[in-house]
Amino acid sequence: MSAEKPPDPPRLSSLRDLLVRGVGVRSFSLTVLMLLAVIYTLHFAKPVILPIVLALLLSLLLSPLVRLLGQKLQVPMAVGAAMVLLALLTTLGVGAALVVEPAAAWIQTVPERLPDLKYRLTILQRPLDKMREATEQVEEMTALEKGEDEQVVKIRPDTPLSLLMSQTPSFLANLAAMTILLYFMLASGDVFLRKLVRMIPSFDDKRRAVEIARDIEDRVSRYLRTITVINLGLGVAVGLASYFVGLQNYVLWGVMAFLLNFIPYLGALVGITASLLVSLFSFESTSQAFVLPAIYLALNIMEGNFITPIIVGRLLTLNTVMVFIFLMFWGWIWGIAGALLAVPILAVVKIICDHIKPLAPIGEFVGGENVET
């Protein structure tokens, strides 16, 4: 029996035809205007769109669990959705209870510790002094131009803790909206997919829509579960390293490493920098302060270059450049939440393009090199 010939990769001419065919000046202008309108809408309607996107993403992750309860234990869909959602909220609540109080206490003491950090970083003292002198000269020149009798009103900047508390009501409102929407999505099962299939006239399009929906749910949910387990292992390792080097609130730093690692590249950079600053705050010896950041860096190199590519590469491969572009774009649109959602959104884009023949060149470009097994 002869082996099946693998499908030919999309040709660049197809991508060129896809982008160029039928595109005139007017249609190009309308396309640009439409894209700008979509970007503005995504940014302006963030309080409405973001909970919906988060609920959709979590539904992809949790729907298999709800179906498993229904198939194995004959649990009704609505009850299973409530059980899974309650377990998720309990886990989040326990995690928040462990880290919120020490995090708030540490943030409150940051302004008081900044002078000590400035003293420890003596290598940067001279450039900082020059910058301060230049700033003072500019302020003096500005004061002379305005006149000596003019009164200057100085507004005291808010502390980090007060800024955090000011964002709490909107965060809780978005969390409540997302939770309610997520429950309805989990309890409804395949209702929305069945309705979508009924609306599509062609049988081939119906079949393709079902394949896309199933593929997105299967691959994205497995990707999210795998990444969560990997990040959990990294968080535990960083937490244990924090404990053994003598750093207080080691649970907080382990949870921070776990959450930050969901943001590719930038999360690790922020985590290593934060561990260095915290170590400089906490230890008298400068050499001791570099122990935890070095361990964090070594763990992240091992995770990013060996563990994640080997495990996740079999599930989903993405173009590194496109990952970084999506990370910048969605981080600019929705902040930290957008950075967390960048990779799942890119994965959904790739899966959809892989199933639609005219968009296959885009899916090939978005995808990375497959891991040989």
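The values are calculated or read from the model by the stated rules, or taken from the named source; none is laboratory data. This is a predicted model, so every value here is computed, not measured. Cβ placement follows ideal geometry from the backbone for every residue including glycine, while neighbour counts extend to all protein chains displayed. Ligands, DNA and RNA are stripped out before the accessible areas are found, and what is left, the full protein with its side chains, is counted by its heavy atoms. Shrake-Rupley method; radii C 1.70, N 1.55, O 1.52, S 1.80 Å.
A few notes on this one:
- Between Ile200 and Phe290, the contour length at 0.36 nm per residue exceeds the alpha carbon distance by 26.4 nm.
- Our summary gives segment 299-368 a relative contact order of 30 percent, counting only alpha carbon pairs under 8 angstrom and 6 or more residues apart.
- Each listed q (0.13 Å⁻¹) maps to a log10 I(q)/I(0) for segment 279-373, found by the Debye formula over equal Cα scatterers with no solvent: -0.62.
- Approximate spin-label separation Leu92-Ile310, in nm, with each point projected 7 Å along Cα-to-Cβ: 3.4 nm
- Extension reserve of the Arg207-Ala298 stretch, reckoned as 0.36 nm per residue once the Cα distance is removed: 28.1 nm
- Simple spin-label estimate for Thr228 and Phe244 in nanometres, 7 Å along Cα-Cβ: 2.8 nm
- Taking 0.36 nm per residue of separation and subtracting the current Cα-Cα distance, fully stretching the chain between Ile336 and Thr179 would add 54.6 nm.
- Euclidean distance between Cα centres, segment 228-250 to segment 288-360, Å: 21 Å
- Probing with 1.4 Å while keeping every protein chain in the model, the per residue accessible area of segment 203-360 equals 49 Å².
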